[in-house]
Each structure stands twice: as C-alpha cells, then as structure tokens.
Amino acid sequence: MTLNDFKAQKLQEFDALPLPSRSEENWRFGNLKQGKHETIESFRAADTSVTNAAFIHSVTDLSDDQLKRLAPLLEKSGATLGSPKVTALALSNIESALFIDIPSNEILEEPIIIDYSVISASANNTLLFIHAGACSQFSVVEKYTSNDNAPSTTVGVTIIHSEASATVKHLAIQSVQEESRITFHHRVDGGKDSNISSCILNTGAAWARSEASAYLNENGAHANLLSVSVPNENQEYDQRTFQSHASPHTTSDLLYKNSLYDKAKTVFSGLIFVEEKAHFTDAYQTCRNLLMSDTTEANSMPGLEINADQVKCSHGSTSSTIEEEEIFYLKARGIDPQTAKQMIARGFLIEVIEKLSDEKLETLATEALDQKLAQLRLG
Amino acid sequence: MDDVNISDQIDEDTQAAIDVNQSKGDFTYDVKHKYDAGVGLSEATVDYITDVKEEPEWIREFRKHGLKTFEDKPMPTNWATEDLNNIDFSKIRYYLSGGTKPTRSWDEVPDEMKETFERLGIPEQERAFLAGVEAQFDSEAAYSNMKEELSKKGVIFVGSTEGLKEHEEIFRPYFGKVIPTGDNKFSALNSAVFSGGSFIYIPKGVKLEQPLQAYFRINSESFGQFERTLIIADEGSEVMYMEGCTAPSFETSTLHSAVVELVALKGAKIQYVTVQNWSANVFNLVTKRGLAMEDAEIRWIDCNIGSRLTMKYPGVIMKGRRARGEVISIALANDGQHQDTGAKMIHAADETTSNVVSKSISVGEGRSTYRGQVHIPKHLKGCRNNTECDALLINSTSRTDTYPAITVRGNDHVTQHEASVSQVSEEMLFYMQQRGLNEGEAMSLAVNGFINDLVREFPMEYSVELKRLIDLEMEGSVG
C-alpha cells in the first residue's frame with residue numbers, strides 16, 4: 001500500500017466510523033464531551049525536534065526496503081480502544097509521520113529523544129512508527145509540551161513493532177498546557193523473545209486519555225505497560241489498556257499508578273485477553289490509586305478474559321489514602337506532615353519509573369515528576 | 001514442549017468428573033393447570049394474572065408499568081452475552097397455576113435421580129417434591145413445631161400474593177423500592193408477570209436461630225419462574241433464608257427471572273442463601289438487592305451450578321452508617337453453560353464496609369464471568385471494600401472472564417480488588433495420586449479444596465451436600 005492509499009483509506013474510515021457513544025464499554029465512566037472530538041476536521045503536525053537522529057526518517061523519505069518494513073505497522077495502526085474515529089483522522093496526515101528504523105544487532109547507548117511542541121488553538125497530531133530489528137537494543141522518549149499558554153488538542157500515535165530478541169524502551173512524557181486535551185494511541189507488537197516496555201507519564205492537560213495495547217503473538221515475547229499520573233485541580237485522566245496473548249509462553253506486566261489531588265478524576269480500564277492456544281501465559285495487571293484529597297474520584301475496571309490453560313493471570317486494583325501511621329513515622333523523625341505526604345507519594349510513583357530499568361529514561365521521567373510535585377507543593 | 005498441556009490428557013475423565021450432570025433433573029411431565037395465561041406476553045396476559053390472583057388495582061398498575069418498561073428497554077447485549085438474543089419471549093408461558101395434582105408416580109422417577117437423592121441424603125419428603133412427584137412439598141409434618149414458634153414470635157412468612165393482600169401496610173412501602181421496575185429489562189419483566197416467591201417480616205428484636213427455607217411453605221409457586229421475594233427484617237432482628245437445593249431441580253420452562261428485595265432496618269441482619277441447580281436449558285436472569293440501614297448487615301451466599309446462562313449480581317446498598325454488605329459466591333460452569341455472576345456494592349453512608357469473595361470453576365467448554373461494581377461516592381468517610389475473585393480452569397477449552405468496576409470518590413476510603421486465575425496443576429495431581437488417590441478423587445479433592453473456605457459459609461447441611469455432590473460425580477467417572 002502506498003502512503004497515498006493509506007491516507008485515502010484513513011479518511012474513508014474517519015467518515016464511516018461513528019462518534020464514540022455512552023453505550024460503548026470503552027467509554028464507561030469516560031468523558032464523552034472531551035472524547036467525541038466532534039468539531040475537528042483536520043489535523044496538523046506538532047512542531048518536532050529530534051536528538052540522536054541517526055535512525056529516524058520522515059515517512060515520505062524512505063527506501064523501498066524501509067517501506068516494506070513500515071507496511072505491517074501501518075496496517076496495525078488503527079485504534080481499537082474507543083477512539084478509532086479521531087485516530088483515523090490523525091493517521092490520514094501520514095506524510096507528517098516519523099519512522100524509527102533500527103537495524104538488526106544495533107545497540108544504541110543514548111536514547112532517541114523527540115520533542116513535540118503542540119500548537120495552541122489547533123488540532124495536533126504526532127505519528128511515530130518504530131521498527132526494532134532483531135537483537136537491537138534502544139530507547140525512545142517522546143516529550144509533549146505546549147508552545148504557549150493556551151489550550152490545544154492533540155492525538156499522539158506510537159506504533160512499535162519488534163523482531164526477535166529486540167529490547168525496546170519507550171517513554172512518553174506529557175506535560176501540555178492545563179486546559180488542553182490529548183489522546184494517546186500506543187500499540188506494541190512483540191516478536192519472539194522480545195522485551196518491550198512502554199511508559200506514559202501524565203502531568204499536564206485538562207483531559208488526557210491513553211489507549212495502550214500490547215500484542216504478544218510470538219513465543220517468549222514480553223511486554224511491560226507502565227504509567228504514572230499525577231492529576232490535580234480538575235484534571236481528568238482516562239486510561240484504557242489491552243494485553244493480548246496469542247502464543248504460548250508470552251508474558252506481560254502492567255503497572256499503572258495514579259496519585260490524585262484536589263478534584264482530579266481517573267478512569268482505569270484494562271483487559272488481559274488470553275487466546276485459546278496461548279498456554280503458559282503469565283499476565284499481570286495492577287492499578288493503584290493514591291487519593292490525596294477528599295474530593296478526588298478514581299474508577300478502576302481491571303478485566304480478565306482467559307481462554308487457555310496453564311495460565312497464570314492476576315489483576316489487582318487498590319484505591320486508598322496514606323495511612324496516618326506512615327505520616328506519623330516521618331513526623332517523628334522531624335519531617336513536617338506536608339513534606340511527609342509528598343515523600344510517600346513520590347516513593348509510591350517512582351516504583352513505576354524504576355521498572356523501566358534504564359538510568360537515562362528514569363532521570364528524564366523523575367525530573368518531569370518532580371516538576372509537577374514541586375508545583376503541587378506551591379499550590 | 002510448547003503446546004504440551006497436561007489437561008489435554010485428562011480431559012475426558014475430568015470433564016465427566018466435575019460434571020454435576022444436570023440431565024438427571026432434566027425431565028418433564030404433563031400437568032393440567034387450572035389457570036394458564038397462554039403463550040406470549042401482552043397487556044391481556046398481565047390482566048389475566050391480576051384477575052386470576054384477585055389482586056388490588058395498584059398491583060395491576062404496577063404490572064402494566066413493568067410491561068411497558070420491559071418493552072421499552074433494549075437487551076443489554078452491549079455488555080452482556082449475545083446468547084440473550086436466543087430467548088423467544090413470545091413462546092413463553094408467563095403464568096401457570098396448579099389445581100390438579102401431577103400424574104407422575106415415584107416409580108417413574110429415573111433411577112439415577114433416586115441414586116443422587118440417596119447419595120446426597122435428601123429427606124424422603126423433599127425427594128418426592130424435587131422429582132416432581134408432588135406438586136407441593138408437605139411441610140406440615142416436618143416443620144410444624146417450627147411454624148408454630150414462628151407465628152408466636154410474630155414472624156410473617158407467606159407467599160408474595162398473600163403478603164401484598166393481607167399485609168399491605170408493611171408490604172407496600174418497600175415493594176419495588178430496593179429494585180425499581182426500571183432497574184433492568186428483566187426486573188421490569190418480573191414486575192409485569194411476577195407470581196410466587198415469599199414475603200417475610202421479622203419483628204423488632206426477633207432473632208431466628210433456624211434458617212427459613214423456601215419450601216417450608218405449602219405453595220407450589222415457591223420455585224416459580226417469575227418469583228418475587230421481599231424480606232423485611234425490623235430493627236435488631238436476624239434471619240437466614242435459604243432457597244434452592246443441591247439436588248438437580250426439574251424445570252420445564254426455559255426462562256427464570258426472579259426479583260429478590262431485602263430490607264434490613266437498623267441493626268438487623270439478613271443472610272440469603274441460594275443454591276441454584278436448574279437444568280441446562282434454563283436462562284436464569286435474576287435481580288437481587290438488599291438495603292442495609294444503620295449497623296445492619298446483609299449477606300448473599302450464592303452457589304450457581306446449573307442453568308444455561310445465569311446472570312446474577314446480588315447487591316447491597318449500604319444506606320446507614322456502619323452498614324455492612326457481603327457477597328460470597330461459588331459458580332461452576334460446565335459444557336454449554338455460562339455463569340455470569342458478580343456483586344454490586346453501593347456505599348451510601350459513612351464507615352460502611354463491604355466484602356466480595358467469588359470463586360468460579362470452569363469445566364470443559366464452560367465459561368464463568370465475574371462482573372462487579374463498587375461505588376463509593378463523595379463526602380463519605382471511612383468506607384472499605386475488599387473484592388477477591390479466583391477462577392479455576394479445568395480444561396484447555398474452559399474460559400473465564402473478570403470485569404470489575406470500582407469507583408472511589410474522596411480520600412478516606414480503602415478499596416482493594418484482586419483476581420487470580422489458576423488451574424489444577426500436574427504436580428498437585430501427581431502428589432495426590434502418588435499417595436494412593438485415583439485421578440478422579442484427586443481432582444475432586446483439588447476442586448473441593450479450592451472452594452472449601454467458601455463452602456464453609458453455607459449452612460451445615462448445604463455445605464455437606466455440596467461436598468458430596470462433587471465427590472459423588474468424581475467417583476462415578478473414574479474406572
């Protein structure tokens with residue numbers, strides 16, 4: 001399929017698909033007013049700058065070989081967790097997409113960092129396709145900020161496809177202006193014995209929805225889906241996840257942590273799906289909410305659908321506040337209660353970041369987290 | 001090694017082993033009914049039922065409102081199974097009432113069924129009733145002492161029709177209030193055509209030591225298709241109510257849609273025990289909910305073994321401070337069965353606590369589903385919820401799903417949810433077989449072990465019967 005065909009197909013999909021509606025399970029507890037994106041007719045690409053750009057290309061500038069590698073990623077790029085319509089429109093802007101093409105056995109020491117500056121008063125798209133060659137090892141960071149202090153709309157699409165035994169770490173840091181809305185569509189496809197981690201860190205936006213899925217279709221594939229969110233004031237974060245196991249001996253691990261302040265609201269809805277033949281699957285899913293104010297709202301809908309045997313699956317979800325005893329312990333050591341609470345919340349969230357087990361990514365994520373926590377302290 | 005699957009090797013045995021064999025109860029016979037509303041549902045059906053039962057006008061209105069709501073509401077297939085579309089509402093008889101005695105004699109009851117009764121240790125009189133030999137279970141002899149004691153204490157224990165006619169002043173304020181007609185499509189259906197079920201009122205401070213059972217009452221409608229039960233426990237009273245039984249129950253109709261409402265006033269305690277073992281062609285779509293006021297406690301103890309599709313999510317609305325709700329649920333889904341069960345916990349007052357423990361076993365191509373809802377609104381303090389759901393998969397074709405939804409607003413609450421899926425491991429079976437158990441016994445022991453801590457929550461005779469039921473089926477299957 002040529003890029004022009006793809007564009008036409010996506011425009012057609014956009015026209016044909018219905019707007020999201022209340023009867024969809026994917027929008028249970030969700031904010032349809034934000035999610036419908038009714039008035040948007042076209043997207044523009046966010047301003048983009050890249051660090052460590054050796055393997056990153058514009059899709060309009062690819063060799064035949066590269067186009068061949070891109071093709072399966074394009075095919076799987078449609079959204080399935082509630083926002084296919086708006087994602088199709090964003091994808092129709094395919095000429096603005098970037099393609100990271102890492103050759104086999106290539107090991108990158110430094111992360112590839114992409115800075116997006118979303119333009120206020122418009123609908124922005126970011127489209128990133130990542131192909132990890134066999135046995136390659138690298139990490140990619142996407143940073144989302146606003147160009148000025150006015151609201152914007154963004155749809156960010158990141159599709160990762162790995163060949164056998166590749167190790168990929170992906171981190172998206174979202175800190176756009178506080179009245180903006182942003183929708184992420186992240187998908188990872190793990191090849192044989194591959195190991196892919198994908199993490200979203202949310203601090204900005206009035207409404208941020210992330211739809212993240214991991215497809216483990218080959219033996220031995222492993223995926224980590226991670227998320228850290230720190231909403232305050234009226235911020236609303238809506239998280240939908242899907243872990244699909246289609247081959248035996250695949251594993252996945254999901255850890256989403258939210259620390260909620262003021263009138264913040266989160267929705268977590270996750271599903272582990274184990275197909276009939278995917279025996280010996282290990283899949284875990286955990287969502288933890290730390291309620292820091294008495295006006296917050298946390299919704300969790302962890303789900304399991306198991307059709308195979310010899311499977312180890314579990315999900316857990318907790319929502320609670322910090323125990324008085326924990327604060328007392330720190331107070332007894334001379335720390336004021338406000339600082340004590342922040343320390344505990346930080347420790348709670350850092351656990352997710354540490355799961356990336358990559359010092360450089362951890363530093364970047366921790367910096368963004370600390371920035372938000374410092375802001376909360378002032379307020 | 002990739003596709004080696006231990007369960008494949010023991011498929012047939014275990015399938016048979018865990019099979020509770022609903023076919024044993026799966027027989028029908030002709031009964032001449034005095035009153036028959038005919039096939040299909042219309043205003044005329046509703047009028048017929050009201051006229052035959054000589055009900056007051058407000059019930060006629062209530063039924064008609066139910067019918068309209070039922071017709072207006074769509075099937076909930078946006079979240080529930082498509083199998084619901086296979087129900088043909090125009091082919092169902094909505095009201096049948098006896099008058100003549102059934103013609104079946106004890107000699108005609110299949111031997112296997114007699115054997116099952118024997119092994120389960122079901123009392124003689126109950127056997128006749130369960131096998132359909134007697135349309136009514138004669139409770140007078142067995143429970144007369146108890147009935148006398150009940151009425152001395154002021155306990156009302158009657159059918160729902162009698163309840164609404166004779167005790168309107170207690171019945172009416174609560175009837176349809178815990179579960180409004182429009183709650184869901186099937187509660188609306190029940191509101192339109194309900195018959196049978198129980199009405200129970202426990203006066204202030206009365207604590208019943210013996211559980212009340214559905215078949216205590218002389219009433220052929222107590223196992224009805226569209227039964228409607230309302231239990232009101234006045235301040236400080238305690239009651240345990242049991243319905244169903246572990247033995248397979250015969251059922252000629254394919255749709256069973258009951259509504260059960262519980263009201264526990266200040267400090268009262270209600271335990272509602274259900275053991276459901278309908279034959280495998282029945283759609284069992286039940287709405288059950290309780291309202292717990294200050295310091296009250298409502299416990300649903302639920303076991304689903306039979307039916308083709310069960311959709312049942314017992315709920316507790318905790319409306320008073322320190323109210324407590326609990327759901328304990330066991331489900332066993334075999335070939336062609338879908339046990340879609342769960343719990344709803346609505347916290348509506350401070351310091352309310354709820355607990356949900358659900359265990360399901362999927363055998364063969366059976367599918368079990370857990371759906372839960374926990375709701376803690378704003379401005380409440382100190383609410384707690386614990387949800388655990390564990391699933392056991394016996395065969396490689398078995399299926400299990402979990403879909404909980406937990407909403408917490410405010411920060412002074414604690415909720416936790418955990419679910420796990422596992423299977424009887426090769427090592428576990430090997431260990432037991434090495435110690436001289438055969439495969440069936442080993443599987444039986446493993447399954448009983450899995451649900452053991454919940455079975456203990458059932459009244460003694462039920463838990464013993466449940467265990468025997470599993471053991472019995474295991475033994476027969478291994479040569």
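The values are calculated or read from the model by the stated rules, or taken from the named source; none is laboratory data. Given the structure is predicted, the values throughout are model-derived calculations rather than measurements. Cβ atoms come from the backbone with ideal geometry, glycine included; neighbour counts cover every protein chain shown.
Pick from segment B:146-175 the residues that are of a type in the set (Lys, Arg) and more than 18 Å from B:TRP58 (Cβ to Cβ): which of them is nearest to the chain's Cα centre (by Cα)?
Top of the filtered list is B:LYS147.
Taking segment B:357-382, which residues are surrounded by 24 or more Cβ atoms within 10 Å (Cβ to Cβ), touching a residue at least 40 places away in the same chain (Cβ under 8 Å) and either within 8 Å of chain A (Cβ to nearest Cβ) or not in a strand (DSSP E or B) (or both)?
If the condition is that a residue be surrounded by 24 or more Cβ atoms within 10 Å (Cβ to Cβ), touching a residue at least 40 places away in the same chain (Cβ under 8 Å) and either within 8 Å of chain A (Cβ to nearest Cβ) or not in a strand (DSSP E or B) (or both), then B:VAL363 is the only one that fits.
If you take the residues of segment B:297-336 that are assigned to a loop (DSSP other than H, G, I, E, B), under 15 Å from the mean Cα position of the chain (by Cα) and not hydroxyl-bearing (Ser, Thr, Tyr), which of them is surrounded by the fewest Cβ atoms within 10 Å (Cβ to Cβ)?
The extreme case among them is B:ARG308.
Hey, does segment A:114-134 have a residue that's of a type in the set (Phe, Trp, Tyr), touching a residue at least 40 places away in the same chain (Cβ under 8 Å) and closer than 17 Å to A:GLY191 by Cβ?
yes
If you go through segment A:305-344, how many residues are within 12 Å of chain B (Cβ to nearest Cβ) and farther than 30 Å from B:ARG399 by Cβ?
Total meeting the criteria: 6.
Going through A:LEU11, A:LEU67 one at a time, which residue ends up being of a type in the set (A, V, I, L, M), over 22 Å from the mean Cα position of the chain (by Cα) and either assigned to a loop (DSSP other than H, G, I, E, B) or closer than 30 Å to A:TYR237 by Cα (or both)?
Of the residues listed, the single one that is of a type in the set (A, V, I, L, M), over 22 Å from the mean Cα position of the chain (by Cα) and either assigned to a loop (DSSP other than H, G, I, E, B) or closer than 30 Å to A:TYR237 by Cα (or both) is A:LEU11.
Does A:ALA212 qualify as being out of contact with any Asp or Glu (no Cβ under 8 Å at 6 or more places or on another chain) and modelled with pLDDT of 95 or more?
Yes; evaluated as a whole, the condition is true for this residue.
Please work out which residue is nearest to the other protein chains (Cβ to nearest Cβ), limiting yourself to segment B:418-459 and to residues that are polar (S, T, N, Q) and out of contact with any strand residue (DSSP E or B) (no Cβ under 9 Å at 6 or more places or on another chain).
Once the filter is applied, the top-ranked residue is B:SER425.
Within segment A:181-195, work out how many residues are free of Cβ contacts under 8 Å to residues at least 40 places away in the same chain and within 14 Å of A:LYS169 (Cα to Cα).
3
How about segment A:315-350: which of its residues are in contact (Cβ under 8 Å) with a residue 24 or more places away in the chain and among the hydroxyl-bearing types (Ser, Thr, Tyr)?
Residues satisfying the conditions are A:SER317, A:THR318, A:SER319, A:SER320, A:THR321.
Is one or more of the residues making up segment B:114-133 modelled with pLDDT under 90, part of a loop (DSSP other than H, G, I, E, B), surrounded by fewer than 18 Cβ atoms within 10 Å (Cβ to Cβ) and not β-branched (Val, Ile, Thr)?
yes
Quick one: which of B:ASP401, B:ASP340, B:ASP350 is without any contact (Cβ under 8 Å) to a residue 40 or more places away in the chain and either of a type outside the set (D, E, K, R) or outside any loop (DSSP other than H, G, I, E, B) (or both)?
None of the others qualify; the one that does is B:ASP401.
Could you list, ordered by first residue, the pairs with Cβ atoms under 8 Å in which the first is in segment A:243-266 and under 17 Å from A:VAL188 (Cα atoms) and at the interface with chain B (Cβ under 10 Å from one of its Cβ atoms) and the second is crowded, with 24+ Cβ neighbours inside 10 Å and modelled with pLDDT of 95 or more, at least 6 apart or interchain?
The qualifying pairs are A:SER247/A:LEU216; A:SER247/A:ALA221.
Here's a check for you: in segment A:99-131, which residue that is farther than 25 Å from A:ALA88 by Cβ and among the hydrophobic types (A, V, I, L, M, F, W, C) is surrounded by the fewest Cβ atoms within 10 Å (Cβ to Cβ)?
Among those residues, the one meeting the criterion is A:ILE107.
What is the number of the single condition among (1) out of contact with any Leu (no Cβ under 6 Å at 6 or more places or on another chain); (2) farther than 18 Å from A:ALA123 by Cβ; (3) not basic (Lys, Arg) that A:PHE99 does not meet?
(1)
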